[in-house]
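Colleague: Can you keep this structure in mind? I'll have questions shortly.
The values are calculated or read from the model by the stated rules, or taken from the named source; none is laboratory data. Keep in mind it's a predicted model, so treat the numbers as computed, not measured. Backbone-built Cβ (ideal geometry, glycine too); neighbour counts: all protein chains shown. The area values use the complete protein model at the heavy-atom level, side chains included, leaving out ligands, DNA and RNA. Shrake-Rupley method; radii C 1.70, N 1.55, O 1.52, S 1.80 Å.
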Amino acid sequence: MSQKVLITGGAGFIGHALIEYLLDNTDYEIVSLDRLDVSGNLNRLGTTLQESPHWAKRVKVVWHDLKAPVNDYTIEKIGKVDYILHLAAGSHVDRSVLYPMEFVMDNVVGTCNILDYARLHCEDLKLFLYFSTDEVFGAAPEGVIFGEDDRYRAGNPYAATKAGAEELCVAYENTYSMPIIITHTMNVYGPKQHPEKFIPIIVNKVLNGEEVQIHSNPELTKASKRHYLHSEDVSRAILFLMNNHTVGEKYNIVANEESDNLDLAKQIAEIIGKPLKYKLVDPQITRPRHDFRYALCGKKMRDMGWQQKIDLHDGLRKTIAWLVNEYKND
């Protein structure tokens, strides 16, 4: 009998990519638990299932907003599960600055509700994976990379709520002996990403000959730095951890290459074959504090045997090809 995996936020960008990857590389049955708002909609999953209709019988979509406890009707619809991968979250940093309580409800209360569901209704659960972010560590000065257990110093309400949810996971593992692990992932990109995210914005503006605004230091001399990892590599890492983990541990899922965002924009323009018009801007205009650089240590996962397979240039080419095709069809 095949295993059943409950994925919260399965209609979101990373969630749908993970579902695609699990359908293609396992025989798991998938339940996607989602409230289907701005971040998550059925278009992504619908396209996946239309393109590969033989997968449809292995996927069930259940509606629920995790700001409320998981009710009996929803529990019955989900059925017995072997794994819970908790990806659902509010993730728009600028919005968290304006409306922090929304993020407390989505990320802290929502996580507590799915943890309680797992504690009370998933007696034989093999794994609860909480999908967190590099932002819990705050800005990384040049030369600093954070390990899994380094101190947290959230630079915005979004990061603080993700850190708070992590602490709930730690507490539930300690208190109730639940099989919980936590991942930290850096900037994820790939097909079907929300058009307001950085890479889709750059592609759209380069195609239309518009100016790209790139976050920088206050002196406007250096662009911000990030690690970009393709959604397929993130999905591969999650499946790897489902089969290779120690309960109670945290794991950084990290791209090999650190990218200056201006260099990234130049790569995108070069792949498209059009000039880049850009302006460095100080993001403190819209955010009280901007984390110039994030950096995580990926040694733990590499030592376990996981490796990034899609390098940034190849991943950008695939993503740009998909985006260009989408823009043509709009």
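Colleague: Could you check segment 15-108 for helices (runs of 4 or more DSSP H) lying wholly inside it with 3 or more residues that are more than 20 Å from E135 (Cβ to Cβ) and open to solvent by 70 Å² or more (accessible area, probe 1.4 Å)?
Modeller: Ranges flagged: 42-51, 72-78.
Colleague: Let me ask something additional. What number of residues within segment 1-14 are open to solvent by less than 10 Å² (accessible area, probe 1.4 Å), more than 13 Å from K192 (Cα to Cα) and free of Cβ contacts under 8 Å to residues at least 60 places away in the same chain?
Modeller: Total satisfying the criteria: 0.
Every residue, every condition in (1) open to solvent by 60 Å² or more (accessible area, probe 1.4 Å); (2) among the hydrophobic types (A, V, I, L, M, F, W, C); (3) at pLDDT below 95; (4) out of contact with any Lys or Arg (no Cβ under 8 Å at 6 or more places or on another chain), yes or no:
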{"residue": "K279", "(1), (2), (3), (4)": "yes, no, yes, yes"}
{"residue": "C297", "(1), (2), (3), (4)": "no, yes, no, yes"}
{"residue": "K300", "(1), (2), (3), (4)": "no, no, no, yes"}
{"residue": "K309", "(1), (2), (3), (4)": "yes, no, no, no"}
{"residue": "L316", "(1), (2), (3), (4)": "no, yes, no, yes"}
{"residue": "T319", "(1), (2), (3), (4)": "no, no, no, yes"}
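Colleague: Give L120, L115, L168 a once-over and let me know the one that is closer than 30 Å to D82 by Cα, open to solvent by 30 Å² or more (accessible area, probe 1.4 Å), touching a helix residue (DSSP H, G or I) at 6+ places or on another chain (Cβ under 6 Å) and modelled with pLDDT of 95 or more.
Modeller: Exactly one residue qualifies, and that residue is L168.
Colleague: Can you name the strands (runs of 3 or more DSSP E) wholly within segment 130-246 that have at least 3 residues being out of contact with any Pro (no Cβ under 8 Å at 6 or more places or on another chain) and not aromatic (F, W, Y)?
Modeller: 180-185, 211-215, 225-230
Colleague: Here's a follow-up. Looking at this structure, is Y158 in contact (Cβ under 8 Å) with a residue 60 or more places away in the chain and open to solvent by 10 Å² or more (accessible area, probe 1.4 Å)?
Modeller: yes
Colleague: Tell me, yes or no, whether segment 164-187 has at least one residue that is in contact (Cβ under 8 Å) with a residue 12 or more places away in the chain and over 24 Å from H245 (Cα atoms).
Modeller: no
Colleague: I would also like to ask the following. Identify, please: which residue in segment 139-153 is at pLDDT below 95 and open to solvent by less than 60 Å² (accessible area, probe 1.4 Å) and is, among those, farthest from N256 (Cα to Cα)?
Modeller: Per the criteria, the residue is A139.
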